[in-house]
Each structure stands twice: as structure tokens, then as C-alpha cells.
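As C-alpha cells, the structure follows; a few thoughts come after it.
Please treat every number below as a calculation from the coordinates, not as lab data. Keep in mind that this is a model prediction, so the values were computed, not measured. Positions of Cβ are backbone-derived with ideal geometry, glycine not excepted, and every protein chain shown enters the neighbour counts.
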Amino acid sequence: MAANNLLTTQKITWETLAILSNLLKVWPNLYNGYDDEFGKPGEKIGQTLNVRKPQRYVGRQGSLFTPEGLNNLVTPVTINQQTGVDFQFSSFEKYLDIEAFSRAYLRPAAVRIANILDFTAAQFVAQNTWNVVGTYGTTPTGTTAFQTYLKASQKLWENLADPEERCLVINADAATQVVDSLKGLFNPQAILSKQYQKAMMGRDTGGMDWYQSQNLASLVSGALGGSPVVNGAGQTGAGGNNGTMALVTNGWTASVTGLMNVGDVFTIAGVYMVNAANYQQTSVLQQFVVLQTANSDGSGNATLQIAPAITPAGQYQNVSAAPAASAVITPYAPASATSTQYLAFQKDSYAVVSVPGDIPGGTDMAYQETDPETGVTLRFVRDFDPVHDLWVCRFDVYWGIAPLYREFACRVAGT
């Protein structure tokens, strides 16, 4: 019997990629415009793309020519993720048509890959974003639910995120609560009707497109302990929101492992956010995020790797002043608290890059395709195992994620 010509490698790849792309919620709303910089197939895990960021100037008043230094800032995007699904089927099943094959094998594979891609991207964004609103372990409810999400939108406005291409991704519990909180307010009838019928928020509500996903990450705050302060005045770093730095602290409980976890947020007394447009001090303390798990030593000292860098002057000024000696550090979350992180972000906050892999020769099938909307490149390879009379198959996505403008994102703490 001849093989059914509907079951071609191209159609298998297209069918799976189409299903996969339609299931993604976080990934398509992140920037994916750098894929072409790689230029050719066969990239390997570990390849890095340097993305140039635009200049930021202080400007001048008056006619005197005052040139400013040009800082060529780049963001490395490393292809360090390989996500895929492997499966096998008998020789008899090779003759299924594409519809039956899709139901049995392709859709389940696409669902799993989409879940991994979205969850991993969401977790990275949550762990690297310093803006946060809401209460750890508590879903915004009642009349304040929508206000909480508006506060996240406010953070994006304060950091000059482009009002276009903003979105908010929440889970089912949060969606139920916010729809219920808005049911009595004045809204366009068509929007209210969709909320009632689908229990989902509409697009472009509160200045953001809303999405629902169960692939949002939960973070657990560190053990904390003691009365932490900055250990030494004048600690600063270069690059402002583009940079990271080490902050030396003390006053913690001695010898604590996991004192602060990746994604923990804190403020420093006297270190205020500045307006990104005019460099004027605001009344809001700058938030900082911990990028590596921190432990305290036997004397209660701990060095925190943080973002953004504390930059109180120059082109990339982001704070009002460097912290004073013994300035009080206030963690955002209580100790050892678990919280799902809903995400509000503008498209330029983070970049995802998916690149082609090798197309091996000498196999029964090998093909890859890129979805122009999401930027996901999916590879499919099939070969025959003569010992067990099985067709072995694999799907692969080679990809990486990196921050571009972390200040264009805000976490909403929930359940």
C-alpha cells in the first residue's frame, strides 16, 4: 500500500505550528523581531545575539553646544532553550490522513510545547521585572480588583511604555473576580455581554488587551529575617534601567540560606524613582528585583545582585539619589510567601528569539517552518526504527529570551 500523500512532512509541521501558535498567550505579546539577525539555519544552543538599544540623552537648555557621550548599549539574547516533544507510532498508523494524525499526535504535541514556551517565558518575565503591585497570595477581588490592574497600567505609564501593544495576562481565578467586580459599572453593552457569556475580559480594557492563561508562574519569596540596611553609602551602578549591579547589605538574620529568592522585590529608604521624561524626582520609591538567590553569612551580611542599577545622575538616571549608609531595605513580600504573578507588559519589555535548527540528512522526513506572527520556528524530524517497526518523531523549538526594557513590565501579585 502506498503512503497517504496527505501525510507529508510539510503539512505535519504546518498543522502543528498553527495549533501551537494559536495556543500561546504570553509569547506572541513579547518582541520577536530579531530572529532574522541570525540569518541562516543550523544555529546551536549557546548562540548569542546582541541587540542594540537606543540612546537616551539628558538634553540642554540654551545655545551652548554640549555634546553627550554615546553609549552603545546592547542586550544579549542567548539561545539556551530547546523545547520539544518526542513520540513514536506503528507502521500501520503511518497511513492515517492528516486529520486523524493531527487528533492523535499533532495537537497533543502542540499543546505541550505551547504550554512549556508560555510558562518558561512568563516565569522569566516575572523573575526579572521589578515593578510589582498587589498583595502576595491574594487575588484582587471586589471593587478594588480592577483598580489593582489599573495600578499596573499606571506603572507602565510612569515608565514611558508605549501605549500601543500593551497587554495583561491573568489566570482563571483573577478573570472571574475582575469580571464580577465590573458587572455593575457603566460599560458598553457589547463588552458586558461578552464578559457575562464567556467570563472573560474584553480586549482594550483599561488601556490593555487582556488574556487568560494557566501558564503563569508562581514565585516564593525568600526567608528574610533581621532588619536589613544598605552597608555603605554611595553604592551606584552604570546604565540605570539598562544595568544591573551588586548591592552590599547587612543587618539580616545570620546564616540564612535563601534569604532572598530570584524575583524578590524591595525598596530602599530615600531612593526615589525619577520621571523618565524629565528626570524629576517622584514621590514613589524605586523598586528593585533580586536576580540571584542571596544568602547571609554568619554576621548577617549579604550581597544582592539587583536590577535596575542605581544610577542617580547622567543619561540613564533612574533614581533621585544613591542610598545613604544604613538606609533601610523594605522587602515587598512577606517571608516565604507564594504568589502567582500576573503580567502587565508592553511588547518591547522582553524579546523572544526562535531560530532554525539543523535539518539532518538521511532521514525519512525533516522540515521546519517559522510562524510570522509569533516568530516560533518549529522543526519536525521523522525516521524509522527497523528493530521495533516504529516511526520515531521529534518536534524542536530552539529559542531564548532576554530583557529589553524591564521597566515596560509590571507584575500583579495574585493567588
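Okay, here's what the table says:
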quantity	calculated
Computed helical MRE - 222 nm, the chain, DSSP H runs ≥ 4 contributing -39500 (n - 2.57), nearest 500	-6000 deg cm²/dmol
For ARG166, distant residues with modelled amide H under 5 Å away	ASP209
Per-residue Cβ neighbour rank within 10 angstrom, fewest leading, ARG60, ARG112, ARG406	ARG60, ARG112, ARG406
ASP297 versus ALA254: modelled label distance in nm, points set 7 Å from Cα along the beta carbon direction	1.3 nm
Ranked VAL290, VAL111, criterion: other C-beta atoms within 10 Å, fewest first	VAL111, VAL290
Likely footprinting exposure, SER349, SER299, SER326, SER213, fewest C-beta neighbours within 10 Å first	SER299, SER326, SER213, SER349
Nonlocal amide H pairs with ASN131, under 5 Å, H built at 1.01 Å	ARG411
Phi to ³J(HN,Hα) by Karplus 6.51 cos²θ - 1.76 cosθ + 1.60 over region 338-351, Hz, x for Gly, Pro	9, 8, 5, 9, 6, 10, 10, 7, 9, 3, 7, 5, 9, 10
Acute angle (nearest 10 degrees) that the helix 9-23 long axis makes with the longest principal axis of the chain, alpha-carbon atoms	40 degrees
Assigned charges on the beta-carbon of Lys, Arg, Asp, Glu; the chain dipole about Cα centre (debye)	940 debye
Dipole of the chain, positive direction: furthest Cα of VAL392, TRP14, PRO140, with charges on the beta-carbon	PRO140
C-alpha long axis of helix 172-182 to longest principal axis of the chain, angle in °	60 degrees
For region 290-415, radius of gyration divided by Kirkwood radius, i.e. Rg to Rh on alpha-carbons	1.17
Which labelled figure in (i) 66, 48, 37; (ii) 76, 57, 45; (iii) 80, 57, 52 is Cα extents along the principal axes in Å, once derived from the coordinates	(iii)
Difference of contour (0.36 nm per residue) and Cα-Cα distance, ALA313 to ASP162	52.0 nm
Extension gain from GLN280 to LYS94, taking 0.36 nm per residue of separation minus the Cα-Cα distance	60.3 nm
Computed FRET value (nearest 0.05) for VAL392 with ALA18, which takes r as the C-beta separation and R₀ as 22 Å	0.40
Under 16 Å between alpha carbons - lysine pairs in the chain that sit 8 or more apart or on different chains	6
In sequence order, calculated HN-Hα J values of region 373-382 (Karplus, 6.51, -1.76, 1.60; Hz; x Gly/Pro)	7, 9, x, 6, 9, 10, 10, 10, 10, 10
The chain: angle of helix 145-158 to the longest principal axis, Cα-based, in degrees nearest 10	70 degrees
Among ALA277, ALA161, ALA327: highest mean-square fluctuation, GNM of the chain, C-alpha pairs under 10 Å	ALA277
